[in-house]
1. Does Arg150 fit the bill of being of a type outside the set (A, V, I, L, M), assigned to a helix (DSSP H, G or I), more than 23 Å from Thr62 (Cβ to Cβ) and within 12 Å of the ligand (Cβ to nearest atom)?
2. Please list, ordered by first then second residue, the pairs with beta carbon atoms under 6 Å, 6 or more apart or interchain, first in the range 17-44 and over 16 Å from Leu59 (Cβ atoms), second more than 13 Å from the ligand (Cβ to nearest atom) and outside any loop (DSSP other than H, G, I, E, B).
3. Which numbered condition in (1) under 15 Å from Arg56 (Cα atoms); (2) in contact with a helix residue (DSSP H, G or I) (Cβ under 6 Å, 6 or more places away or on another chain) is the only one that Ala88 fails?
4. Got at least one residue in the range 116-126 being assigned to a loop (DSSP other than H, G, I, E, B), more than 12 Å from the ligand (Cβ to nearest atom) and under 14 Å from the mean Cα position of the chain (by Cα)?
5. Filter the range 53-70 down to the residues that are touching a residue at least 60 places away in the same chain (Cβ under 8 Å) and more than 12 Å from Ala118 (Cβ to Cβ), then identify the one that is surrounded by the most Cβ atoms within 10 Å (Cβ to Cβ).
6. Would you check if there is a residue in the range 71-90 being at pLDDT below 95, basic (Lys, Arg), buried (at least 17 other Cβ atoms within 10 Å of the Cβ) and over 14 Å from Pro8 (Cα atoms)?
Amino acid sequence: MTGWHIRPGSPGDRELLASFACADPAVRWQAEVEQFIQAQLTDWAFDPHADAGDPRLLLAFTAAGDLFGVAAHERVILQAGAGPGFPATKLEVVGVALKWQGRSFPTGERASDVLMSAVMTDVSSRVPPRDARVYAIVHEDNHRSLAVCRRHGLTEEMSRPHPSYRRIVTPHKEQ
Ligand SMILES: CC(C)(COP(=O)(O)OP(=O)(O)OC[C@H]1O[C@@H](n2cnc3c(N)ncnc32)[C@H](O)[C@@H]1OP(=O)(O)O)[C@@H](O)C(=O)NCCC(=O)NCCS
(Lines give C-alpha, C1' and ligand atoms only; values in the text may rest on other atoms or scores of the structure.)
Protein backbone atom coordinates (compact mmCIF):
# COMPACT_ATOMS: atom_id res chain seq x y z
CA MET A 1 0.00 0.00 0.00
CA THR A 2 1.43 3.36 -0.98
CA GLY A 3 0.40 6.95 -0.62
CA TRP A 4 -1.44 9.10 1.84
CA HIS A 5 -3.99 11.85 1.98
CA ILE A 6 -3.99 14.94 4.20
CA ARG A 7 -7.08 17.01 4.81
CA PRO A 8 -8.18 19.76 7.19
CA GLY A 9 -10.26 18.54 10.11
CA SER A 10 -13.92 19.37 10.62
CA PRO A 11 -16.21 19.40 13.68
CA GLY A 12 -17.50 16.01 12.52
CA ASP A 13 -14.07 14.49 13.21
CA ARG A 14 -14.74 14.59 16.96
CA GLU A 15 -15.60 10.88 17.14
CA LEU A 16 -12.70 9.81 14.97
CA LEU A 17 -10.30 11.73 17.19
CA ALA A 18 -11.85 10.33 20.38
CA SER A 19 -10.22 6.99 19.59
CA PHE A 20 -6.90 8.27 18.25
CA ALA A 21 -4.12 6.57 20.24
CA CYS A 22 -0.59 7.99 20.14
CA ALA A 23 0.66 7.59 23.71
CA ASP A 24 2.15 5.16 26.16
CA PRO A 25 -0.31 5.71 29.03
CA ALA A 26 2.54 5.32 31.52
CA VAL A 27 4.30 8.39 30.16
CA ARG A 28 2.52 11.47 31.47
CA TRP A 29 3.72 13.94 28.82
CA GLN A 30 2.62 11.55 26.05
CA ALA A 31 -0.72 10.81 27.68
CA GLU A 32 -1.39 14.55 28.00
CA VAL A 33 -0.96 15.00 24.25
CA GLU A 34 -3.26 12.07 23.49
CA GLN A 35 -5.86 13.29 25.96
CA PHE A 36 -5.86 16.73 24.36
CA ILE A 37 -6.29 15.24 20.87
CA GLN A 38 -9.06 12.89 21.96
CA ALA A 39 -11.10 15.21 24.13
CA GLN A 40 -10.36 18.84 23.27
CA LEU A 41 -8.88 19.24 19.83
CA THR A 42 -12.06 19.76 17.83
CA ASP A 43 -13.30 22.30 20.41
CA TRP A 44 -9.93 24.04 20.20
CA ALA A 45 -9.94 24.08 16.38
CA PHE A 46 -13.55 25.18 15.93
CA ASP A 47 -13.91 27.60 18.82
CA PRO A 48 -15.91 30.47 17.26
CA HIS A 49 -14.02 32.96 19.46
CA ALA A 50 -10.60 31.81 18.26
CA ASP A 51 -10.74 33.15 14.70
CA ALA A 52 -7.92 35.62 15.29
CA GLY A 53 -5.66 32.67 15.99
CA ASP A 54 -6.51 31.04 12.63
CA PRO A 55 -6.49 27.58 14.28
CA ARG A 56 -5.75 24.75 11.86
CA LEU A 57 -6.34 21.05 12.32
CA LEU A 58 -4.84 18.54 9.87
CA LEU A 59 -5.58 14.82 9.62
CA ALA A 60 -3.33 12.39 7.73
CA PHE A 61 -4.73 9.15 6.32
CA THR A 62 -3.15 6.22 4.54
CA ALA A 63 -4.49 5.31 1.10
CA ALA A 64 -6.52 2.63 2.89
CA GLY A 65 -8.18 5.29 5.04
CA ASP A 66 -6.31 4.66 8.29
CA LEU A 67 -5.83 7.84 10.36
CA PHE A 68 -2.07 7.82 11.00
CA GLY A 69 -1.41 11.40 12.07
CA VAL A 70 -3.00 14.45 13.65
CA ALA A 71 -1.55 17.94 13.91
CA ALA A 72 -2.73 21.42 14.81
CA HIS A 73 -1.22 24.87 14.72
CA GLU A 74 -2.29 28.46 15.29
CA ARG A 75 -1.24 32.03 14.74
CA VAL A 76 0.48 33.82 17.59
CA ILE A 77 2.18 37.16 17.93
CA LEU A 78 5.80 36.86 18.98
CA GLN A 79 7.42 39.71 20.77
CA ALA A 80 11.04 40.46 19.88
CA GLY A 81 12.36 43.16 22.17
CA ALA A 82 10.24 46.29 22.51
CA GLY A 83 8.87 46.16 18.93
CA PRO A 84 5.25 45.64 17.94
CA GLY A 85 5.60 41.85 17.57
CA PHE A 86 5.08 39.80 14.42
CA PRO A 87 2.82 36.93 13.37
CA ALA A 88 4.34 33.51 14.03
CA THR A 89 3.01 29.99 14.43
CA LYS A 90 2.70 27.73 17.43
CA LEU A 91 2.53 24.01 16.75
CA GLU A 92 -0.21 23.09 19.17
CA VAL A 93 0.05 19.34 18.80
CA VAL A 94 1.62 16.68 16.56
CA GLY A 95 0.78 13.00 17.03
CA VAL A 96 1.48 9.85 15.02
CA ALA A 97 -0.80 6.87 15.72
CA LEU A 98 0.90 4.20 17.84
CA LYS A 99 0.86 1.67 15.07
CA TRP A 100 2.57 4.14 12.71
CA GLN A 101 5.23 5.44 15.06
CA GLY A 102 8.71 4.73 13.75
CA ARG A 103 7.29 3.50 10.44
CA SER A 104 7.85 4.59 6.86
CA PHE A 105 5.80 4.31 3.69
CA PRO A 106 7.08 1.95 1.00
CA THR A 107 8.38 5.00 -0.86
CA GLY A 108 10.72 5.66 2.09
CA GLU A 109 9.06 8.67 3.74
CA ARG A 110 8.55 8.33 7.46
CA ALA A 111 4.95 8.73 8.60
CA SER A 112 6.13 11.42 11.05
CA ASP A 113 7.84 13.34 8.22
CA VAL A 114 4.79 13.16 5.96
CA LEU A 115 2.75 14.71 8.75
CA MET A 116 5.30 17.37 9.67
CA SER A 117 5.90 18.31 6.02
CA ALA A 118 2.16 18.81 5.61
CA VAL A 119 2.10 20.99 8.72
CA MET A 120 5.02 23.17 7.58
CA THR A 121 3.51 23.55 4.09
CA ASP A 122 0.16 24.51 5.60
CA VAL A 123 1.86 27.08 7.86
CA SER A 124 3.71 28.71 4.97
CA SER A 125 0.60 28.96 2.83
CA ARG A 126 -1.51 30.85 5.39
CA VAL A 127 -2.61 34.36 4.46
CA PRO A 128 -1.40 36.62 6.00
CA PRO A 129 1.91 34.76 6.31
CA ARG A 130 2.89 33.45 9.70
CA ASP A 131 5.98 31.43 8.98
CA ALA A 132 8.48 34.07 10.13
CA ARG A 133 8.98 31.75 13.07
CA VAL A 134 7.38 28.43 13.94
CA TYR A 135 7.72 27.04 17.46
CA ALA A 136 6.69 24.11 19.60
CA ILE A 137 6.75 23.38 23.30
CA VAL A 138 8.07 19.87 23.88
CA HIS A 139 8.88 17.90 27.03
CA GLU A 140 12.66 17.62 27.40
CA ASP A 141 12.45 13.79 27.51
CA ASN A 142 10.37 13.60 24.32
CA HIS A 143 13.37 12.75 22.13
CA ARG A 144 11.33 11.54 19.17
CA SER A 145 9.32 14.74 19.02
CA LEU A 146 12.46 16.87 19.43
CA ALA A 147 14.10 14.88 16.57
CA VAL A 148 11.12 15.28 14.21
CA CYS A 149 10.88 19.00 14.94
CA ARG A 150 14.62 19.43 14.39
CA ARG A 151 14.38 17.65 11.02
CA HIS A 152 11.76 20.20 9.99
CA GLY A 153 13.77 23.26 10.93
CA LEU A 154 12.93 23.93 14.60
CA THR A 155 16.62 24.14 15.46
CA GLU A 156 16.82 27.11 17.80
CA GLU A 157 15.91 27.39 21.44
CA MET A 158 13.85 30.09 23.16
CA SER A 159 13.28 30.50 26.88
CA ARG A 160 11.70 27.51 28.62
CA PRO A 161 8.02 27.95 29.51
CA HIS A 162 8.50 25.38 32.31
CA PRO A 163 11.61 23.70 33.79
CA SER A 164 10.82 20.36 32.02
CA TYR A 165 9.61 21.77 28.71
CA ARG A 166 11.70 23.22 25.89
CA ARG A 167 10.50 25.83 23.42
CA ILE A 168 12.11 25.12 20.05
CA VAL A 169 11.78 27.40 17.06
CA THR A 170 12.74 27.89 13.41
CA PRO A 171 15.37 30.55 12.66
CA HIS A 172 13.86 33.91 11.81
CA LYS A 173 12.66 34.15 8.21
CA GLU A 174 12.31 37.54 6.52
CA GLN A 175 8.81 38.05 5.12
C1 LIG B 1 6.49 12.57 18.46
C2 LIG B 1 6.01 11.64 17.35
C3 LIG B 1 5.10 12.42 16.42
C4 LIG B 1 7.26 11.16 16.57
O5 LIG B 1 6.89 10.26 15.56
P6 LIG B 1 7.54 8.78 15.49
O7 LIG B 1 7.03 8.13 14.27
O8 LIG B 1 7.30 8.14 16.79
O9 LIG B 1 9.09 9.09 15.40
P10 LIG B 1 10.15 8.93 14.24
O11 LIG B 1 10.09 7.59 13.61
O12 LIG B 1 10.06 10.12 13.36
O13 LIG B 1 11.50 9.00 15.09
C14 LIG B 1 12.01 10.23 15.54
C15 LIG B 1 13.41 10.06 16.05
O16 LIG B 1 13.40 9.52 17.37
C17 LIG B 1 14.26 8.36 17.40
N18 LIG B 1 13.72 7.48 18.42
C19 LIG B 1 12.79 6.52 18.26
N20 LIG B 1 12.51 5.97 19.47
C21 LIG B 1 13.28 6.62 20.39
C22 LIG B 1 13.45 6.50 21.79
N23 LIG B 1 12.75 5.60 22.50
N24 LIG B 1 14.30 7.35 22.42
C25 LIG B 1 15.02 8.25 21.69
N26 LIG B 1 14.89 8.40 20.36
C27 LIG B 1 14.04 7.59 19.72
C28 LIG B 1 14.21 7.83 16.01
O29 LIG B 1 15.33 7.01 15.71
C30 LIG B 1 14.29 9.13 15.24
O31 LIG B 1 15.60 9.66 15.32
P32 LIG B 1 16.42 10.18 14.04
O33 LIG B 1 15.64 11.35 13.51
O34 LIG B 1 17.75 10.56 14.57
O35 LIG B 1 16.44 9.00 13.11
C36 LIG B 1 5.28 10.41 17.94
O37 LIG B 1 6.16 9.64 18.70
C38 LIG B 1 4.07 10.75 18.80
O39 LIG B 1 2.98 10.93 18.30
N40 LIG B 1 4.25 10.77 20.16
C41 LIG B 1 3.17 10.99 21.11
C42 LIG B 1 2.62 12.39 21.06
C43 LIG B 1 3.70 13.42 21.28
O44 LIG B 1 4.49 13.35 22.21
N45 LIG B 1 3.73 14.44 20.40
C46 LIG B 1 4.70 15.52 20.42
C47 LIG B 1 4.35 16.61 21.34
S48 LIG B 1 3.12 17.73 20.67
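The values are calculated or read from the model by the stated rules, or taken from the named source; none is laboratory data. Computed from a prediction, not measured in an experiment: that's the story for all the values here. Neighbour counts run over all protein chains shown; Cβ positions are idealised from the backbone, glycine included.
1. yes
2. Close Cβ pairs (under 6 Å, with a partner that is more than 13 Å from the ligand (Cβ to nearest atom) and outside any loop (DSSP other than H, G, I, E, B)) do not exist here.
3. (2)
4. Looking for residues that are assigned to a loop (DSSP other than H, G, I, E, B), more than 12 Å from the ligand (Cβ to nearest atom) and under 14 Å from the mean Cα position of the chain (by Cα), one finds none in the range 116-126, hence no.
5. Top of the filtered list is Thr62.
6. Within the range 71-90, none of the residues are at pLDDT below 95, basic (Lys, Arg), buried (at least 17 other Cβ atoms within 10 Å of the Cβ) and over 14 Å from Pro8 (Cα atoms).
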